[in-house]
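What follows is a single structure, written as structure tokens, with notes after it.
The values are calculated or read from the model by the stated rules, or taken from the named source; none is laboratory data. It should be emphasised that the depicted structure is a prediction, and the values quoted were computed from it without experimental measurement. These accessible areas exclude ligands, DNA and RNA; they are computed on the full protein's heavy atoms, side chains included. Shrake-Rupley method; radii C 1.70, N 1.55, O 1.52, S 1.80 Å.
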Amino acid sequence: MEQLRTIGRELAMGSQGGWGQSKEFLDLVKSIGEARSKAEEDRIISRELDHLKRRLADPDVPRRKMKELLLRLVYAEMLGHDASFGHIHAVKMTHDESLPLKRTGYLAVSLFLDERHDLVILVVNTIQKDLRSDNYLVVCAALTAACRLIGEEAIPAVLPQVVELLAHPKEAVRKKAVMALHRFYQRSPSSVSHLVSNFRKRLCDNDPGVMGATLCPLYDLILEDPNSYKDLVVSFVNILKQVAERRLPTSYDYHQMPAPFIQIKLLKILAVLGSGDKQASGNMYMVLGDIFRKGDTASNIGNAILYECICCISSIFPNAKMLDAAAETTSKFLKSDSHNLKYMGIDALGRLIKINPDIAEEHQLAVIDCLEDPDDTLKRKTFELLYKMTKSTNVEVIVDRMIEYMINITDHHYKTEIASRCVELAEQFAPSNQWFIQTMNKVFEHAGDLVNIRVAHNLMRLIAEGFGEEDEGADSQLRSSAVDSYLRIVGEPKLPSSFLQIICWVLGEYGTADGKYSASYIIGKLYDVAEAHPTDDTVRAYAISAILKIFAFEIALGRKIDMLPECQSLIDELSASHSTDLQQRAYELQALLGLDKQAVENVMPADASCEDIEIDRNLSFLNGYVQQAFENGAAPYIPESERSGVVSVGNYKAQDQQETSAHALRFKAYELPPAASQASISPTTDLVPVPEPSYYKEDHQMSRSQPSGDSLSGEFGLKLRLDGVQKKWGRPAYSSSSTPSSSTSSQQATNGGVSSEVGGSTSSQARESTYGSKRQQATEVSAEKQRLAASLFGKADRKAQAGRKTAKESSSTEKVATANATPQPAKEQVIPSAPPPDLLDLGEPVSSSPPLADPFTQLEGLLGPASASPVVSETPASSTSKTPDLISIFSDDVQTGVTSGSTEPSLGVNVVAAKKGPSLQDALQKDAAARQVGVTPTGNNPILFKDLLG
């Protein structure tokens, strides 16, 4: 932020020197620089933005003043404020014919917009026009904007013109054209894949700037396919040789180094092309040796070239002379007082020891100094070096140092990395199993929650399997030492969960194996673990299982063991736990206490944790039981796919979905109702306003009073013949045309840069004299450092006085106990009931579908012949039909229920009668008569019809 303010201040100061900017810009920058708080700065910028918004809205603003306003907008947006109202003015300025204004417009647009902005489409046409300009400065401005604004979709619009500019007479245009093609390749490789040959041609350009710009796209192409560019190795070597011999103009020098950035890019390219290729690497050795001889360690850029040269040598086919030169340069880096150079030296040494591990022995004291340096970044880099050079002779010292460093840091990310490296080194180079267990205990104690749980399983398997030999005494001693160490550790506070799981498992398996500790003592320790972690169900599960094992082993040995009162209370507590896993373990423990010795030996065999469990997926042990059932007449099992005449659960699900779709919301507009027909209404009828009934009560009463079909059939002795009849009420029948809606469910799955710039540079003679004085000075090394260095950098042929190595991970499959997840029942969709029919609306019903026949008329022929009788005609014009007496229909105490409140005739009205008259036939006649006048009867208020119709 201070740098930005300084730049703005310099720009404002420069305006007084002839740039033509006003004093307002200077006052703005000055006031922002003098702001005492962020809030004051925001107030200043907000005032400025309001002022700019008013000025930009003025159509009479001069062009030179518009340029200044845009610059002030850029300054405000760079400070983090929104200046989107001025983006369109920047786009307009790119159309200006004046070169300074056009370049200002392109600068503002490049800073305001990106390739995904909506206004970019307005700039593409301007860029196309400017790419054809005769003024090469305009072309350069357009190419610079194209690199920033042209996206993948707009590349074909400008690509042909950019390719033509590769042959432009001005070297600046050719350079920017190469840069634009490189940007197009990064955004859409397929769009410029046919133009790769142009990069090869530009590599031979007469201008070093164009050649240097071509190295960047070639490097990306070589990373993708090195074999296609092996023929360019000689060309790259010749270019690097000419640059190192200072054949380029002095304008490319930087701190007296000839074109250092071109050298670095060439060294990166050669490192990729020479990897594993002896012939290609042979062409590089001479020029690499020249760079080492001419390297200047007095400047940062010279050290950067030497470091890149070391990286190249470590990548290509090795050469003894080149390795010696690289080791000598690395030694200079390590002996430097600069932490940055030491960091480079440690990194370079880590690359070289992959080729020749003996190189590290020459710099052992320097590595020890870096390991004890207070600079944390340098210390981490040194640990990476030690990790690479670990072997069986120095693994103990290196792992101990890593664990010590891991204890003292608070960065969880790097702590996890250090813990994983300690585990990896201990598993690979452990001199003995006892050391491996002790090391794992330290790692789990200080970083247990950051270690992969698989490491804990490997440790438990190692303790169970032992040395993997026939020496039972050594295995027993290993397990006894593990029990002793865990009994000392178990009382410490804040132990990680994974470490407690290991402790509980080991104490349960081998706590009483050697007879050194009593069963009551071990059970007490396990009870303390369970009580100390009431919220960790996993630890409590391990603890209760360990207690179960101890009781089982004691019962199998014929020993009587008394249940501790606190342990009994724990079992009672877990028996009522919300966790079904803890409940099951507690009940298993109670059940095991009631078994005899023989049963316990079969259920919990001693030291059987390493035995493979064979799972019989076919359940063949049930064959005898199944055969006996067949002999007794049991029916064989029929798979669901082969069953016929049985409705599966999926059919019910589809039917429920069909109902849901039938009652879903409809978004089709309602039709306008026709004029109400007065023919069926008596002119003398007085309509009385009726309050809206409570539908919740109606539905509640309906659900209580609705009788079943079987009870009606049994009472009246009638039985309806419903085969093939379309259902009017209840679930949709087979004639329904609604399609069940399908729903899908989505599943959710349930784990330092170092500054390269150093202030101040010393002369080469002073640096060389410093190296000479250091070599001549006889430094006394402490005895402790000598011992540490001897431990870390011992000879490779020295045999380790260690025991057996740790058991490697076996390829046996892990036994994972998975709990059967109980499927959650699908929630019933609550369909709100539709409003009831309006009794005051006696007009004709409006329907969007053809009206269906009256269901009561269809039911005429369904009754038995003995009870069939004429039904009231539906034709209102018949002169012989007697007008039904509605009051007599609903005068009885009859409870009816409306099962559907929909007013649409296409859906029908489901009226279920409990008792209507002396017989079911009379009830049907009364309902049909009531429907003639368009009124749906209800039993909640029988007096209602007397009030309405008199």
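Convert each backbone phi in the range 88-98 into a coupling constant with the Karplus relation 6.51 cos²θ - 1.76 cosθ + 1.60 (shift: θ = phi - 60°), then list the ³J(HN,Hα) values in order as whole Hz, x for Gly and Pro.
5, 5, 5, 5, 5, 5, 5, 7, 5, 7, 6
Just to confirm, what accessible area per residue do you get for the range 251-361 at 1.4 Å probe, in whole Å²?
Values: 4490 Å² over 111 residues.
Spelled out: the 1.4 Å probe surface of the range 251-361, per residue, equals 40 Å².
How much of the accessible area of the range 411-603, in percent, comes from carbon and sulfur atoms when a 1.4 Å probe is used?
Details: 4310 of 8830 Å².
So the carbon and sulfur contribution to the accessible surface is 49 percent.
Can you list residues whose amide H is under 5 Å from Thr297's amide H, if they're 5+ apart or on another chain and H is modeled 1.01 Å from N?
Here nothing satisfies the definition.
If you count only protein heavy atoms with a 1.4 Å probe, what accessible area per residue comes out for the range 78-221, rounded to a whole Å²? All intermediate terms of the calculation are to be shown ahead of the outcome.
Details: 6540 Å² over 144 residues.
Normalised by residue count, the accessible surface of the range 78-221 is 45 Å².
Express the carbon and sulfur contribution to the solvent-accessible surface of the range 97-197 as a percent, rounded to the nearest whole number, probe 1.4 angstrom. Can you show the working numbers first?
Numbers: 2570 of 4850 Å².
Ligands and nucleic acids excluded, carbon and sulfur give 53 percent.
Residues of the range 411-603: accessible area per residue at 1.4 Å, in Å²?
Values: 8830 Å² over 193 residues.
Per residue, the range 411-603 has an accessible area of 46 Å².
Using the Karplus curve 6.51 cos²θ - 1.76 cosθ + 1.60 with θ = phi - 60°, what ³J(HN,Hα) values do you get for each residue of the range 503-509, in whole Hz, with x for Gly and Pro?
For the range 503-509, the Karplus-derived couplings read 4, 5, 5, 5, 5, x, 7 Hz, x marking Gly and Pro.
At 4 °C and 1.567 mPa s, what whole-number value in µm²/s does Stokes-Einstein give for the translational diffusion of the range 411-603, with Rh from the Kirkwood sum over Cα pairs?
Details: Rh = 17.6 Å.
Translational diffusion coefficient: 74 µm²/s.
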